[in-house]
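What follows is a single structure, written as structure tokens, with notes after it.
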Amino acid sequence: MKQSFLLSILVTGVGFLLPVLLSPPRLGAQETPEAPPAPAAAAPVRDRSDIQVLDGSVVLAVQTEAQITEMTMAEYLPLAMAAEMPAAFSDEALKAQAVALRTYALRYRANRKAAHPEADVCSDPGCCAALETEEHLRSRWGENYGVYMEKLSAAAAATDGQYLVWEDEPALTVFHASSLDVTEDGAALGTALPYLVSVSTPETPETVQNLCTTVEVSAADFAATVTRTVPEASLPEDDPASWVGTVSLDGAGRVSQAVIGGASVSGQTLRQMFSLRSTDFTLAWDGEGQRFLFRVSGYGHGMGMSQHGANLMAKAGKSYGEILEHYYPGTELVMAVLTDSAGDSF
């Protein structure tokens, strides 16, 4: 049986490391249902026999472009949330985002990535999560800085110390901006995990701005782009209509492979080549306009929680626990407690 996952937590004022047993108390998926207007969600009921690990006691080593900075989870989360989700989103969606970011940080705090072995997380959104600075936020938000920071800090505090586990280890809580109809199955992107599966998501073109977009590419630009990346592709100049062959879709309806000029190209590669917002697209030659048309739905890799979907669920009255349960099915919302190696509480 898989051993319990242990995570060293630096406790402020103690001066030495204590192991944290990442196992229950378990938290219900509907811990804080929201019905407008709703008060801030209360923290889970504490078990007096345990000392719960709160964000102010967890120190993260964060790799930025300039240096490695140490900050507590309580300091890190609002700045990461500000970079990853609009502060104007509903409170329950922000709480779900706080849990997802906290879980991700704890997962790699225990097992650092090769990309940054000296740091728990980095500020590269392509690797971990983006991270704002106070200076930039003051410039970006202006007079709303105080209001938005208080809102983000409150969402993090309302979920203080809570994270998602699968088999007693922090889950891989990846997320993306939006999807149309369903999210992506992690297996399609080489991340086959029982809780990263395709689920329904409520976004529609009417509820999410720019959910569906179109990218137009001239025949000359299409040929030049394909040739740079796929030199074996055969693209006869006099017949662009023949360049695009069979397009294969995965189980979530996203492009897995497409035949371009007789060569097989992955949907991910095509997304990168033409700066598409996702792999949920169609590709066709418009003979009348003499151009190729990509019609794209959603934004991001599509795995895990859809941020716009979470916001719509929150507006519909779902709690952050219900949102997380929907997008990461089978995971459990838990809180770390301090124990000694024998399991006795401190």
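Nothing in this text is a laboratory measurement; each read-out follows from the coordinates by a stated rule. Remember, it's a predicted structure, so these values are computed and weren't measured experimentally. Positions of Cβ are backbone-derived with ideal geometry, glycine not excepted, and every protein chain shown enters the neighbour counts.
Each Cα pair under 8 Å and six or more residues apart adds its separation to the average, and for region 212-297 the resulting relative contact order is 34 percent. Using the Cβ-Cβ distance between Asn210 and Ser264 with R0 = 22 Å, the FRET efficiency computed as 1/(1 + (r/R0)^6) comes to roughly 0.15. Counting only residues at least eight positions apart within a chain, or on another chain, the aspartates and glutamates with an alpha carbon under 15 Å from that of Lys95 are Glu31, Glu34, Asp55, Glu84, Glu150, Asp160, Glu322, Glu325. The stretch between Ser275 and Lys113, if pulled fully straight at 0.36 nm per residue, gains 55.7 nm over its current Cα-Cα span. Give, as ranges by residue number, the residues of region 176-217 whose backbone N falls under 20 Å from the point 7 Å along Cα→Cβ of Thr225. Those under the cut-off are 210-217. Highest-first packing order for the peptide set 189-199, 161-171, 204-214, 280-290 is 161-171, 189-199, 280-290, 204-214, based on the mean count of other beta carbon atoms within 10 Å. In terms of packing, defined here as the mean over residues of other Cβ atoms within 10 angstrom, the peptides 246-259, 315-328 line up highest first as 315-328, 246-259. In plain terms, the chain from Glu134 to Ser234 could stretch by 30.9 nm, reckoned as 0.36 nm per residue minus the Cα-Cα distance. When each of Glu134, Glu84 is scored by the number of other beta-carbon atoms lying within 10 Å, the sequence from fewest to most is Glu134, Glu84.
Counting other C-beta atoms within 10 Å, which of Glu70, Glu132, Glu232, Glu184 has the fewest, and how do the rest follow?
Values: Glu70 13, Glu132 18, Glu232 9, Glu184 30.
Arranged by neighbour count, lowest to highest, Glu70, Glu132, Glu232, Glu184 become Glu232, Glu70, Glu132, Glu184.
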